[in-house]
Each structure stands twice: as C-alpha cells, then as structure tokens.
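Have a look at the structure below before the remarks.
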Amino acid sequence: MVHSLTELRLLGQSRTNFIVCIADDINWDDYGCYGSPCARTPRIDAIAARGMRFTSAYLTASSCSPSRSSMITGRYPHNLGPAAELHQPISANIPWLPAFLRERGYFTCLVGKNHMTREGTKVGQETWDRIDNGMTPSNHGAESKWAQAIADRPKDKPFFFWFAGIDAHREWEADNEWDETKYGPKHRPEDMVVPPFLVDESTTRRDLASYHNEITRFDYFVGQVADLLSEQGLLDNTLLLVLADNGRPFPRSKTRLHDSGMKTALVAYWPKGISHAGASTDSLVSVIDIAPTFLELAGIDSPPSMQGLSFSKILRDSKATTRRHAFSEHNWHDYEAHGRAVRSDGWLYIRNARPDLPWQGPADSVRSPSHVALRVRRDAGQLTPAQADVFLAPRPREELYLTANDPNQIHNLASDSQYASVKDRLAAILDQWIEETGDSIPATLASDKFDRETGVALRGKNVGGNRAEYPGQSRNAASLNSPGPR
C-alpha cells in the first residue's frame, strides 16, 4: 500500500517514541527531585513533577560499558560474553534493542558516549540509523547535539534516541566550558554535602562542587530535549527516561555493589501513558527491564534473549509490581574483582569472591583529590569506620543490609544471628540466579591495570590483559536466556 507523506507522518506520530537520556557517573540521589539539598537540577525536577520518579531502580553493573551493554540488550553482564568486563564487546549472537525497533520502522539514533561494541563485527545499519559522538569545541559532555538530532530526524517515522552524556565523568571539563547564561553560577564548595565515607575538607568539597557542575550541565540539555519535543507536539507521545550508568566517580561509589554505586535515579515522562503526574513508585525495577518495556509499548514481542521484565504496568499504576528480586554484578573495572548482589524485600545481600582485595573504586577515583584526602587521614590513623571501608582488605565474604534503616550500608548484619534466616534466604536466591543464568567465577580473572594505591597505570606484559576466561564463559552464559528468579 502506498501512503502519502502526510499519511506517513500521521502513522509515525501515532506510535510511541522513545528517548533515553543517560548520564555518566551520577549517584541516584544527586538530583533535587531525589532529595539532594545541593544539586541544581531544575529541568529534571520539572520532568519528574509531571512524570514518574522510580525510587527502587537498580543497575546490573556500576561500570560504564557493562551497564550500558546490559541496558541495550536487556541481559545481565555475564550473559553478554566478554562485555561482562569494562571496554569489552558484546557477544555477536546477542540482538540489540534498536535493531528490533529499526526493523519495525523506527528511526534509531545514538548521540553521545557509545561505549557499546559487538564482538568480531562493527555495529552497523541494522542497529543504528545514525551515530554521532556529540562532541563540540565548547562542550565535551557530548550533549549539545541532542536537540538538533531530534530536529533533523525523518518526520515520517517514530523514533528511538539514545542520548548519552559524558557528564559527570572525570576530568570535570564543564568547569572550563561553563556558560553561566545557560547553567547559572557554578556550585560552591561550601554548599556541598559530604557523605560519611569521604573526608569533609576543602579539596573534597571542591571536587564535589566540580562534579555537581557537570550534573547541572547534563540537566540543562535534558531540558532542551523536553522543550523541543513540546514545541514539535511530540512530548505527549514520547516516553522519556532519565537515568545514569553508575554511581559518582568517588571513593565508595562507582563500581560498588552498594546503593552508592548500583542504585540509579530513573525519571519517566510520558503524558499519554503515565496515569498520575508527579507520581513516585517504590516498585523494584532493573535496568534490564527498559528494553522489554520499550518493545511492549512499540507492539513488538520481546525476544527470548531479553531477561528483563516490562514495567509498563507500573507507568499506568505506581503501586503495581513486576519483580521481587534485582541482581547486580561487580566484574573487572581497572582492577581484578568478582562480586554479586541481590536486592529483595528491602534487603541487600552481597557476596565477594575476591575478599582479599579492597574495593577502592576505579582508577580515576583513586587518582582523585577526594581519595588522596582519605589516604592522608588513613596514614595518620584518623579514618572513621565508614571511611576505612574504602581501603578494607580483607573484606567480608558476605554483607547484609536492611537498606531503609541503613541507607549508606555501613552496618553489616551478615554475622548477626538475628538475621540468619534472611541471609540464608537471599543466599539461596542468589545461588539459584547464578545456576540458572550460567554465571561462574573464573579461576583466573583479568589482572589489575592500575596501582590500587595511586591509580597510576601499571606496566608489564600481562597488565590488565590476562583474560583467559571471563565470568560465565565456562558455562556458555552468552547463549543462555534463562532470567533466573525475578
């Protein structure tokens, strides 16, 4: 059947559009709408006030490329092949969300940080109609081309935009690219709230202020996207999600299995589909649920490869639930590591297969002024227990927290006999997930690429490259589709 251009445009406008605005390295509670007293995020706050705010949304990895690869495929990191680890490609047999949308007539476009590759082959036209790194001379946050990408899209197709900022990744380019007419004044160090696992002193406060500048810049460009959608009459029929790939690049956050690393803000805006403006939901969701949600709303059946669950019914009813358990992983990210976690019924259970090693954070965090301040206090014997956790080795093999009572997860209840039954239940759920999804603990994991004390790159023949086996490889996890318990 031949359609006129007008008919094609009407057809495209009748289907739900999708936009993901994904930040780099921002904690879940570093937005005004999530209670931060010092974050300046008026545009995201306004979207949340008219949309829905998820308060129990969790990542599968607090590590850039595994987290993003997990979202785009709807699979756990160890079910992605080499992509379980930082900078590694997704197994070639695994389909991506945009490919399904593109097959059904969607225009698919990635602008900004990509960090997702396919094993053995280049990610091509079967996946994205357009890829742009989003960089301009005045903005290295990779956001300033987002609105233009919407304006330049084909007008006769529904669309899926993956807008990926580099803010707030170190090394704080926003400080040198600041435009006060757009973003307002820079954040002041004296206004920062210092978490208990950092040292409250001037260099840490300046570090946090620069980090918050990047959050505000990200917020500005999310607002630009919303404004253009509104101007073009597209906002009501577009599901817009705002989230981050992992926690802030500070000690005890990024790469951690605790909420400071693995919990994400998730703001949804979709007037046509969200039943109550300004709703907040504490229903548990995982970021592997994004891909099947989009496919369901596009009228496309989810493939067997996707392990997530659509949360579309939560958009319609904030009290609805879809899953009881959310699972997360800590694999190689600059340093050797293997940790697993399950969240269920308000509890967090963590298991560490490399307890002899500290969880000091990624190398860029180790090189940060905030980490240096911790080292100085450590050497002077002045760390609090929360701060000492950054350097702790050996670490406990098991950790257990009731997160409502211990939001920073400082008081480990794993050895408390009062909670033995809770720990045993969660350990059994984690074991079931490991078995059914084909997870594994390699005998030899990728070695450290950076010094754990200074973050300086190590030199040597096998530094960071001894990948004889990655998690799940021995059990062919990249070819397994079982989601495990949900």
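Here are some notes:
- The numbered conditions (1) surrounded by fewer than 24 Cβ atoms within 10 Å (Cβ to Cβ); (2) touching a Pro at 6+ places or on another chain (Cβ under 7 Å); (3) farther than 18 Å from R248 by Cα; (4) not β-branched (V, I, T) are all true for A92 except (2).
- Unique match (being at pLDDT 95 or above, of a type in the set (V, I, T) and crowded, with 19+ Cβ neighbours inside 10 Å) among I300, I290: I290
- Any hit, the stretch 279-286, residues being among the small types (G, A, S) and at pLDDT below 95: yes
- Taking the stretch 303-320 as the range and being hydrophobic (A, V, I, L, M, F, W, C) and either surrounded by fewer than 18 Cβ atoms within 10 Å (Cβ to Cβ) or more than 22 Å from the chain's Cα centre (by Cα) (or both) as the test, only A320 passes.
- Of R205, R256, all but one fail to be in the same structural domain as I150 (by TED's automatic domain parsing) and either small (G, A, S) or in contact with a Gly (Cβ under 7 Å, 6 or more places away or on another chain) (or both); the exception is R256.
- D29 vs. criteria within 14 Å of the chain's Cα centre (by Cα), in the same structural domain as L315 (by TED's automatic domain parsing), surrounded by fewer than 24 Cβ atoms within 10 Å (Cβ to Cβ) and acidic (D, E): yes
- Of all residues in the stretch 399-439, those that are touching a helix residue (DSSP H, G or I) at 6+ places or on another chain (Cβ under 7 Å) and buried (at least 18 other Cβ atoms within 10 Å of the Cβ) total 7.
- The lone criterion from (1) under 22 Å from S56 (Cα atoms); (2) in a helix (DSSP H, G or I); (3) out of contact with any His (no Cβ under 8 Å at 6 or more places or on another chain) left unmet by E436 is number (1).
- Applying a threshold of 9 Å to beta carbon distances and a minimum spacing of six or more residues, or different chains, the list of pairs starting in the stretch 467-486 at a residue that is on the phi > 0 side of the Ramachandran plot and ending at one that is loosely packed, with under 15 Cβ neighbours inside 10 Å and not polar (S, T, N, Q) reads G484/E435; G484/E436.
- Helices (runs of 4 or more DSSP H) wholly inside the stretch 298-393 that include at least 3 residues being in contact with a His (Cβ under 8 Å, 6 or more places away or on another chain) and outside the structural domain of I274 (by TED's automatic domain parsing): none
The values are calculated or read from the model by the stated rules, or taken from the named source; none is laboratory data. Since the model is a prediction, treat every value here as computed from it, not as a measurement. Cβ coordinates were reconstructed from backbone atoms using ideal geometry, including for glycine residues, and neighbour counts include every protein chain displayed.
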